[in-house]
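The values are calculated or read from the model by the stated rules, or taken from the named source; none is laboratory data. These numbers were taken from a predicted model, which means no experiment stands behind them. As a convention, Cβ positions derive from the backbone with ideal geometry for all residues, glycine included, and neighbour counts pool all protein chains shown. SASA here: full protein model, heavy atoms, side chains in, ligands and nucleic acids out. Shrake-Rupley method; radii C 1.70, N 1.55, O 1.52, S 1.80 Å.
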Amino acid sequence: MTSQPILEVSGLTMDFGGIRALNALDLDVASGEIVALIGPNGAGKTTFFNCITGIYTPTEGNVWLTPPGGKKVSLNGLKPNKVTERGLARTFQNIRLFSKMTVLENVMIGRHCRTKAFILGAILRDPRTRREEQDILETSYAMLEKVGLAEHCDEFAENLSYGAQRRLEIARALATEPLLLLLDEPAAGMNPQETIELEGLIKKISREGQAILLIEHDMKLVMSLSDRIFVMDYGRKIAQGTPREIRENPAVIKAYLGEEVDA
Amino acid sequence: MAVFQELKKGVLISLWFVFLTFPVMVIKVDPIARTVTWRWMNALYMAVGTFIIYTLVQFFIKRRGRSKPASTQKEAGSSVIHRLLDNPRRRAMLFVVLAVAAIAFPQLLSSYQTNVMTTALMYVVLGLGLNIVVGLAGLLDLGFVAFYAVGAYTYALLNHHFGLGFWTILPVGGLLAACFGILLGFPVLRLRGDYLAIVTLGFGEIIRLVLENWGEFSKGPSGISNIARPSLFGMELDLHGSIVFNYYLMVLFVIFTIFVVNRLQNSRLGRAWIALREDEIACQAMGIDKHRTKLVAFSLGAFWAGLMGVVFAGKTTFVNPASFTFMESAIILAIVVLGGMGSIVGVILGALILILMPEYLRGLSQYRMLAFGAILVCMMIFRPQGLIANIRRTYVYKKTPNDAQAS
Ligand SMILES: Nc1ncnc2c1ncn2[C@@H]1O[C@H](COP(=O)(O)OP(=O)(O)O)[C@@H](O)[C@H]1O
Ligand SMILES: [Mg+2]
């Protein structure tokens, strides 16, 4: 990899009582890359996202984020909203939209951390606030167009189809202008047609230079999208490499076959 | 067959109601003449009335069940009021009618009526204030009346000891209440839902108990009297003039509050509140500072309560702790819930109905509170979302930046 790393995680460990959900995990993502994080259910993938985005406080380990051309900043101990401000934005495995808000408003919430207007601005509606509001609208609408939901913009988020809700979550995360986009099983529950559309969408976003870290179970999707793959099992990293290397890695085969034999 | 089943259920329910209301409606004890009259006709009326109401309600529920549930904003918002408000011409007409009615009111009706209306308008403002906290930000605050008390006692004490006037104290009372909001909010807003409700409830009681028991400070249960009425450009007004003046003052207050709350609700901050109500974790993941945003909502609500407290003290010229019981918080909360959480029009209607209804139900004498309760219960059964369900605003956006420059 010639491009510089954006996200660097080292020795990340997370204990829940007696359970070690993450065990000294190292991971890195470089700019413009699509990196996949895979592993059997309960391996700790979602916990990994929760730890680096500040929702959980990891027991040990370091997380750094490096903006392109900028200085490396530590994300340790930051609150989730600060992490998002620094440039990590995520979607959720179990969809978490603002269901009683419109589709457009959901994306507008994503603009929150890039805008400033507060009480006085809201009440007085001075030119600066109005300009900012207009910018929020335009950017949010553009995000909806990008994920193909523009014509649904005035509907309640809860009335969207499952696949559309997942795409809305992506639009909302993109609206925060992340350095790195974290997707937690974006294809879960999608039908084959929707999955193909999703693949197209992720490729499109990636072509625009967006770095992506992806948790996914759909192997076909993972293999066709990823530049590199990390494999976890029981909170540990068991392999890392290009899709081809991963496909032939005996440890990975064992983890996955083992799971199937058990099932 | 289904019809027969329904009828049977209706009859049973009617009998049950007759049984429930039997002691009140049928038996009449005259303690002086020592006689008991049995008013059997009342039981019959009760039975027939209940049966008819039940049948009608069932009929409407069936009919509504057949039509599709609203799936988009437009359908959900097609209530009469929203249709009125959506059309600019009709909206302008409605506003003119309301303005004329509001201005003419004290001229046409008695001082008593004006006074009642002033009280109702105060509850409109209180409701709109609490609506920011409960309706928009989703923080269940059961101690709202504490901030109302802070405002009222700020004016009462500063007027009593230093002779400061209404207009000087108005902002002070609001800001002081907001400060109390922040002080309480800091530790408390980490709690969620029920826990927050309990702590705020406790806070409300603490403030009241302090006022009741700290005699040197607040004169205890006997309260503070002879508080100056609001003056009009330094002029002192007679009783009637002052009632009318208070009324117009409250009309202006209501307009001001609607203006501010409406702008807040359609701003970056307002969206953040609503999003927080929906999903806190998603909010934080979208970069919203949870504590700060909640604290702002909490203290803004307190600010309005404080303002109204000052107005209350000026209007009644007397405050004592008995005016700030939990019942007040409960009524203000009922206004917000009944009106429709997060809906400005709903809260206004809710306040007018809840405050004016007991006044006009006085004809029913001892059944007044019973009827009041019954209406509330019915509301919650048949329209749990409140009188006016809040609909989200839709935005006008430019399709592309090029279009934006062209237009
Ligand atoms: N909040 C929590 N408290 C206790 N245990 C948890 C918590 N979150 C996750 N875990 C545990 O951590 C392990 C990893 O879970 P998760 O990260 O959701 O797996 P994955 O996303 O890879 O399927 C599981 O054993 C799960 O039970
Ligand atoms: Mg998971």
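Can you sort B:Ile243, B:Ile375, B:Ile288, B:Ile198 by solvent-accessible area, 1.4 Å probe, largest first?
Descending order: B:Ile198, B:Ile375, B:Ile243, B:Ile288.
Please give the net charge around B:Thr50, taking every other residue with its beta carbon less than 15 angstrom from that of B:Thr50, where Lys and Arg add +1 and Asp and Glu add -1.
+1
Would you mind telling me the share, in percent, of accessible area of chain B contributed by carbon and sulfur at probe 1.4 angstrom?
70
What lysines does B:Lys9 reach when the alpha-carbon gap must be under 25 Å and sequence neighbours fewer than 8 apart in one chain are set aside?
Of all the lysines, those that pass the test against B:Lys9 - Cα under 25 Å, at least 8 places apart if same chain - are B:Lys62.
Express in nm, to one decimal, how much length is gained between A:Tyr256 and A:Lys79 on full extension, taking 0.36 nm for each residue of separation and deducting their alpha carbon distance.
This chain segment gains 60.2 nm when fully extended.
Mind computing the radius of gyration and Dmax over the alpha-carbon atoms of region A:1-137? Å is fine for both.
Reported Rg and Dmax, both Å: 18.0, 56.
Taking the Cα atoms of region B:111-382, report the difference between the largest and smallest coordinate on each principal axis, in whole Å and largest first.
That works out to 57, 44, 35 Å along the principal axes.
Going out from 0 in 5 Å bins, what whole percent of all Cα-Cα distances in region A:98-177 drops into each bin?
Cα pair-distance distribution for region A:98-177, in percent: 3, 17, 27, 22, 15, 10, 5, 1.
Counting only Cα, what are the radius of gyration and maximum Cα-Cα distance Dmax of region B:2-62, in Å?
According to the Cα coordinates of region B:2-62, Rg and Dmax are 14.9, 51 Å.
Rounded, prolate or oblate: which fits region B:196-337 when a ≥ b ≥ c are the square roots of the eigenvalues of the alpha-carbon gyration tensor, with rounded for a/c under 1.5 and prolate only if a/b beats b/c?
Cα axes put region B:196-337 in the oblate bin.
For region A:1-76, what is the convex hull (Cα atoms) projected area averaged across all directions, in square nanometres?
5.4
Less than 13 Å Cβ to Cβ from A:Met223, Lys/Arg counted +1 and Asp/Glu -1: what total charge do the surrounding residues give?
Net of charged neighbours comes to -2.
Which of the lysines could be linked to A:Lys203 by a straight reach, that is with a Cα gap under 19 Å, when you skip same-chain ones fewer than 8 residues away?
Qualifying lysines at Cα under 19 Å: A:Lys146, A:Lys220.
I'd like the chymotrypsin sites (Phe, Trp or Tyr not before Pro) in region B:157-222 restricted to DSSP loop residues with at most 14 other Cβ atoms within 10 Å, sorted by number.
In loop regions of region B:157-222 (DSSP not H, G, I, E or B), the sparsely surrounded chymotrypsin sites (Phe, Trp or Tyr not before Pro) are B:Trp214.
Which of A:Asn50, A:Asn62, A:Asn94 moves most in a GNM of chain A, Cα contacts under 10 Å?
A:Asn94
Set the Förster radius R0 to 22 Å, insert the Cβ-Cβ distance between A:Thr242 and A:Ala188 as r into 1/(1 + (r/R0)^6), and round the FRET efficiency to 0.05.
After rounding to 0.05, the efficiency reads 0.35.
Just to verify a number: FRET efficiency for B:Leu164 and A:Ile19, C-beta to C-beta distance, R0 = 51 Å, to 0.05?
0.25
Would you kindly state how much longer the chain becomes between A:Gln4 and A:Leu120 on full extension, computed as 0.36 nm times their sequence separation minus their alpha carbon distance, in nm to one decimal?
Extra length available between A:Gln4 and A:Leu120 comes to 37.6 nm.
Could you give the alpha-carbon Rg of the protein assembly as shown over 2.2 N^0.38 Å, rounded to two decimals?
With N residues counted in the protein assembly as shown, Rg over 2.2 N^0.38 Å equals 1.16.
Need one number: buried accessible surface between chains B and A, 1.4 Å probe, both sides summed, DNA, RNA and ligands left out, in Å² to 100.
Interface between B and A: roughly 4000 Å².
Quote the FRET efficiency, to the nearest 0.05, computed for B:Ser231 versus B:Ala92 with a Förster distance R0 of 51 Å and r equal to the Cβ-Cβ distance.
It comes out at approximately 0.90.
Along the Cα→Cβ direction, 7 angstrom out, place labels at B:Ile255 and B:Lys28. What is the inter-label distance in nm?
For B:Ile255 paired with B:Lys28, the spin-label model returns 5.0 nm.
When the distances between all Cα atoms of chain A are binned every 5 Å from zero, what whole-number percent does each bin get?
Histogramming chain A at 5 Å steps yields 1, 6, 12, 16, 18, 17, 13, 8, 4, 2, 1, 0, 0 percent.
Which of the lysines could a cross-linker bridge to B:Lys294, judged by Cα under 23 Å and excluding same-chain residues fewer than eight apart?
A:Lys79, A:Lys82, A:Lys100, A:Lys116
With labels modelled as points extended 7 Å from the Cα through the Cβ direction, what inter-label distance (nm, one decimal) is found for A:His217 paired with B:Val172?
Calculated label separation equals 6.5 nm.
Among B:Leu98, B:Leu338, B:Leu158, determine the one that fluctuates most according to a GNM of chain B built with springs between C-alpha atoms less than 10 Å apart.
In this elastic network of chain B, the residue with the biggest mean-square fluctuation among B:Leu98, B:Leu338, B:Leu158 is B:Leu98.
Excluding ligands, DNA and RNA, what is the solvent-accessible area per residue of chain B at a probe of 1.4 Å, expressed in Å²?
52
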